[in-house]
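*Asks:* Before anything else, here's the structure in question.
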Amino acid sequence: MSGNNLVLPIVLWGRTAPTHCISSLLVMDDFSTIITGCHDGQICLWDMAPELKICPRAMLFGHTASITCLSKASSCSDKQYIVSASESGEMCLWDVNDGRCIEFTKLACAHTGIQFYQFTNGTQKEGRLLCNGHYPEILVVDATSLEVLYSLVSKISPDWISSMSIIRSHRTQEDTVVAVSVTGILKVWIITAEVSRMQDLDPVFEEESKPIYCQGCQSISFCSFTQSSLLVVCSKYWRVFDAGDYSLLCSVSSNNDQSWTGGEFISADKVIIWTEDGSSHIYMLPPSCLSASEHFRSDVGKTKEGSVPPLIYRIAERSDKQLLICPPVTRFFFGRREPFHKLLIQGDSAGRLSLWSVPDSSPRQPVGTSTELQVSSSVSLQEAFDGLKPVSSGIIDQLSVLSGKEEPIKVTASVYIPSQGRLVCGREDGSIILVPATQTAIVQLLQGEHMLRRGWPPHRTLRGHRNKVTCILYPYQVSPRYDQRSLVSGGVDFSVIVWDIFTGEMKHIFCVHGGEITQLIVPPENCSTRVQHCICSVASDHSVGLLSLRERKCIMLASRHLFPIQVIKWRPADDYLVVGCSDGSVYVWQMDTGALDRCVMGITAVEILNACDELAPATVDALSHSAVNLKQAMTRRSLAALKNMAQHKLQTLATNLLAADNADKGNLPKYSHNALVVQAMKTNLTDPDMHVLFFDVEALIIQLLTEEAQRPNPMLVSPETLQKSQAGADKGGSFLANKIFKQVKETMKETIKEHLLDEDEEEEDSHFERLDDEIAATVFANRANFLDTDSVARLTSENFHTEVAQSSLTVALFYLKWDAVSMAFLNSFVEVAERLLESEVDDVQMSVVDCGEWTDLCAAQVWTDIPFQPITAFPSVLLFRPQQPAQLYRGMLGSEALHRFIMISRIKSPLLLSTQEEVTSFLQEVPHPELSGYRLDRILGLFRTHPEPGSSVFIEATKSLGGEVLSGLLSDELVEKWTAEHFVDSPAVLVFPSWRTGNHPLILPVSSSVKELLTQVRAALLHPLPELTVENLPSILSQGKALLLLFVGEEEDEIGWRQNQALLEEMRSLLELGGEKMERYQTCWIHLGHTPAGMSVLESYLGTLPPLPALVLTHLTTGDEIYQYPPSTPILASSVLQWLQKVEDGTESSAGLLRGDGRSPAFEFYDFLKVMDMQEPDYIEPKTPSEEGEEEDEEVSVEEHLVAEEITEDVSDISPNLHSEL
């Protein structure tokens, strides 16, 4: 969600705290906030109370690599800024108060330490950041813009800087930078006169360079109490130097098993040193290190190695240090403002912060002993999460808690699909949950009766992975070139699975990798056609694959990488896939052949990766140019092309006018139509997903007020009432409410005014406005989509009969360009055509008819060689065969259903079977490999003499069933054999439904009419107790019986599955026990997990959502009543029969009424084809001069035609060219 809208984020963390392996620490000057950076790149803000109680407040996301250092970036109390740096060279400037990232930059070098320095430039105070790291200088960066101003450079022995400190001496009035290089050489720069330089980029060289032999320096600190000492801590010793001439005053070695990691002065005479294992020691400095002592510098030049100062306090190391995956981070801070705390703070890899308050006084104790300092406060992220009331919940916790287990199943991968409003969550048990995002947000954020419903919200579970799901991709969300039904998931079981997101069906499994899938990537748009239908998969075995979703196979597998893969880039113009590995090597693969082109390292590898980041120039479609379109339209003499051009020009003009009109109204704030966006995040690959819900408050308010304004309510919201409400809000309203109101006030006014139209004016213009809006919206939404229709033929009035006659099977789509459903189905139609071409199916001609251009083809063609009824609904698909009537496709408007129908239609119907081998092949084998994934129904005709009347009825019926079932007809010899072996009397029709196991058919008698036989066959093909889905709903309703519907919910565990199976077994017993009585009912069941739409159906039936399971009786032939089986009564076969008898006797009260389907259309249907033909009849049919004169007399305006059409349907007197059939 971008823009200036007020967006409210709400985080659903889940019960498990995010991983926070602390790598750096910082405490603000007021000691109210602790900042921790972690190895995963996140920053956590902790609130610290005066009594040293710690509580996590916020987590900041902005880095892609481990945080190496933190520093304050301001010294003002009102502006608390910090700066963070990561291993990848990123630097972020943060506002600690609200967590905003104010500035970001990325340098080519990584910083390991940052010091803040403030100075006065005239009357203003400015800040600088002094940075050291893996480079041989100190960079001076502006603390506000993060711009590198200049650098501190070494002339003598330049090397990386291990540590540095800024010395602000009141004695010399000079500020200096003291640093120690990795080779143990101390460097000194004077910065007092240099920090104000802004434009001079010349480097500043050191004033002094002196070897102090401190290799592996961990930290260097200046004693602000005496301003005369420096503490240098190395891994094996720590030393104190004189800050004047840098003479060695004291040196202490560590024990054999200890490694020092840092230290600090805690007073003039005491230092604290900490080790790698987390323990700390407070030492009393000897008198030779104290400037106030008479023995100061008495040991210079004769300091003995190994002399250990008295140990005052010690902080024991962690008892559970073996559980930590990396050393803890320890820092010391002392307050410069009240309260003047001296705190030792330690953070570890478990996300735990521990605080010790260091006392000023030394304890009274015998010489040679030390006191253990007790921890003052300690808390971890997980402990803070566990202490929340109520417990922090995850996005789908209500669907993931198993019986007998406290912890829910963790969500390991997820993706949000805004176009469908659904959230897809992969879990650690291998299952994938599809759930409405809004409803699952309601469960987590609002309290109500929905919290008591089992299995709510409605969801669907996909099961296919054997273990944790690692990544999920919805390719259509990235590019519309993919099928919007395809959902892709990868798991630790090495597999990539393609799902149908609407049906939940597993379409294909790719098993080409030898490790868990870590990434799924969509190739760029300008790749080759074959690669554009692929996705790129990356696995932990260092392999990369291109998986074709269309061909259902891996077209390239790159598996020669020796190190883990870090980045995938593309060079589509050269057909290259570029793979970058963790060791810096780059592999260049040819996507077409799968061959390794080269493997490079070093600067060449960096240049190749950088070259891939160059943006390819946008391709320009030549056909989109208006001059080219005009020339082609005039050459073809196409009226439709000219009209389309005119419509495009008018649309462009209208868009420009609308933009100008909006500009005149002022820059009103725009709002996103997606009031809710869900973003999945995780801090570590091993963590479960947490989800951020972004609520666009402005869009929510406008949407709610708009819906309220559309209702016929006398108490409508108006701009005046808004003004009153604002006056009330100003008196005691919150800052958030005032901010919302100011931002959306003007936009709400304009939106509400649009819907508060005068009733008469709305009644007069509503028909035209709604129709125009639908057409304009469709044209505008598809203005930039250029569908590749090379795989389909375009039928016109000139070539229609020729094209159909030349092909054994022609599949024609009749569509309208301004119809949204037509244009959506056209994509599926083209996809089927391309799939047939790839399968080398050459006996099917896929073609399209633009009914807006060739209106005469949509009229009735009853007098031609290929008769068909007029096209009155769009889109429509007809199947044409030479010398045969056209067949109308009545299936689902989807690519899979249409492909199945076409492949079955290619097979002759009925197929003459003359041998037993042919019969066996017909019943058991799949006729084409493309049909191997489908369950096929079959019917078989047994007739002794084919010319008998029953045979002709059967043949006509099979032609009507073409594309739905496979049909066969036995020869006379086989009929004799079959009747004897299977005890069947001929003539008969044998039905082999796909749901029936074995070769045991249903036997139907031969009917006297085709219609009756079709009804019997379709009834026999239907399962006795079918699961009602969107696909089979038309066939179930076509039976014309009352529906006895059992609604069951999603099975959360094995117990739920057994309960559902027991219910289905009771329904089967009901069919057996009821016998003929149950034949008047169509008994079926709806699984609300497989068919979530059933939830809305059930709620519309009963007015509210009842507890599941629910048994409902509806669609009665005697009326519109709906009856519900008593929810408190167990569903048993005998009890249901008694309940049905009560319904028949009229003693059972209904639960509601079925809503009528006879809804009148929203507006009158106007025949635009007639209007276009009547406006310009001279382009349709050449006219003589006399006819042109007659036309002037008969000129009719569009408005007059529309009025005339409302009066009468007989318009034959107006023009003979009008297609009244439409």
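The values are calculated or read from the model by the stated rules, or taken from the named source; none is laboratory data. Owing to the predicted nature of the structure, the values given are computational and were not obtained by experimental measurement. In this analysis, Cβ positions are derived from the backbone assuming ideal geometry, glycine residues included, and neighbour counts consider all displayed protein chains. In case anyone asks, the SASA skips ligands and DNA or RNA and just uses the protein heavy atoms, side chains included. Shrake-Rupley method; radii C 1.70, N 1.55, O 1.52, S 1.80 Å.
*Asks:* Note down the accessible area of Arg944, probe 1.4 Å, to the nearest 10 Å².
*Replies:* Accessible area, nearest 10 Å²: 100 Å².
*Asks:* Please compute the per residue accessible area over region 1-158 with all protein chains in place, 1.4 Å probe, rounded to a whole number of Å².
*Replies:* Dividing the accessible area of region 1-158 by its residue count gives 40 Å².
*Asks:* Separate question: In nm, what is the difference between 0.36 nm times the number of residues separating Val153 and Tyr213 and their Cα-Cα distance?
*Replies:* My answer for the length gained is 19.6 nm.
*Asks:* Rounded to two decimals, what is the ratio between the C-alpha radius of gyration of region 1027-1156 and 2.2 N^0.38 Å?
*Replies:* 1.00
*Asks:* Leaving ligands, DNA and RNA out of it, report the carbon-plus-sulfur percent of the accessible area of region 789-905 at a 1.4 Å probe.
*Replies:* About 50 percent, which is the carbon plus sulfur part of the accessible surface.
*Asks:* Once R0 is set to 56 Å, what does the formula 1/(1 + (r/R0)^6) return for the Cβ-Cβ distance between Ser357 and Leu562, expressed as a FRET efficiency to the nearest 0.05?
*Replies:* Computed FRET efficiency for Ser357 and Leu562 comes out at 0.60.
*Asks:* Need the full-extension length gain, Thr1117 to Cys76, defined as separation in residues times 0.36 nm minus the C-alpha distance. One decimal, nm.
*Replies:* 366.7 nm
*Asks:* Whole number please: convex hull volume per residue of the Cα set in region 464-623, in Å³?
*Replies:* Hull volume over Cα atoms, normalised by residue count, gives 114 Å³.
*Asks:* So what is the accessible area of region 464-623 per residue, in Å², with the probe set to 1.4 Å?
*Replies:* So region 464-623 comes to 46 Å² accessible per residue, rounded to a whole number.
*Asks:* What FRET efficiency do you get for Asn121 and Ser32 if R0 is 22 Å and r is their Cβ-Cβ distance, rounded to the nearest 0.05?
*Replies:* E between Asn121 and Ser32, to the nearest 0.05, is 0.15.
*Asks:* Can you put Trp189, Trp356 in order of accessible area, largest first, using a 1.4 Å probe?
*Replies:* Of Trp189, Trp356, the descending order of accessible area is Trp356, Trp189.
*Asks:* Quick one: if the Förster radius is 45 Å, what FRET efficiency do Gln1141 and Ala1093 give, using the C-beta to C-beta distance and rounding to 0.05?
*Replies:* Once rounded, the FRET efficiency stands at 0.90.
*Asks:* Using a 1.4 Å probe over the heavy atoms of the protein chains, calculate the carbon and sulfur portion of the accessible area of region 907-1021 as a whole percent.
*Replies:* C and S fraction of accessible area: 55 percent.
*Asks:* To the nearest µm²/s, what D does Stokes-Einstein give for region 789-905 at 25 °C and 0.890 mPa s, using the Kirkwood radius over alpha carbon pairs as Rh?
*Replies:* Answer, rounded: 173 µm²/s.
*Asks:* To the nearest 10 Å², what's Glu1031's accessible area with a 1.4 Å probe?
*Replies:* 90 Å²
*Asks:* Now, a different point. Please work out how much length the chain gains when fully extended from Glu1012 to His801, using 0.36 nm per residue of separation minus the C-alpha to C-alpha distance, in nm with one decimal.
*Replies:* Gain in length upon complete extension: 72.6 nm.
*Asks:* Now a separate question. Please report, to two decimal places, log10 I(q)/I(0) for region 907-1021 at q = 0.13, 0.15, 0.22 Å⁻¹ as given by the Debye formula with identical point scatterers on the Cα atoms and no solvent.
*Replies:* Debye output, listed in q order: -0.44, -0.60, -1.38.
*Asks:* List, in the order given, every pair from Lys210/Lys236; Lys507/Lys1011; Lys106/Lys410; Lys389/Lys468; Lys908/Lys1011; Lys72/Lys125 whose Cα-Cα distance in the structure shown is over 27 Å.
*Replies:* Lys507/Lys1011; Lys106/Lys410; Lys389/Lys468
*Asks:* Right, here's the next one. For labels at Val821 and Ala873 in the simple 7 Å Cα→Cβ model, what's the distance in nm?
*Replies:* For Val821 paired with Ala873, the spin-label model returns 0.7 nm.
*Asks:* Please report, for the Cα atoms of region 1-142, the Rg to one decimal and the Dmax as a whole number; what are they, in angstrom?
*Replies:* 15.9, 54
*Asks:* Tell me the per residue accessible area of region 1027-1156 using a 1.4 Å probe; a whole number in Å² is fine.
*Replies:* Ligands and nucleic acids excluded, the figure is 49 Å² per residue.
*Asks:* Which sequence of Arg297, Arg463 reflects their accessible areas, 1.4 Å probe, from the largest down?
*Replies:* Arg463, Arg297
*Asks:* Modelling each spin label as a point 7 Å along the Cα-to-Cβ direction, I'd like the Gln1059/Glu383 distance in nm, to one decimal.
*Replies:* With each label point 7 Å from Cα toward Cβ, the separation is 4.0 nm.
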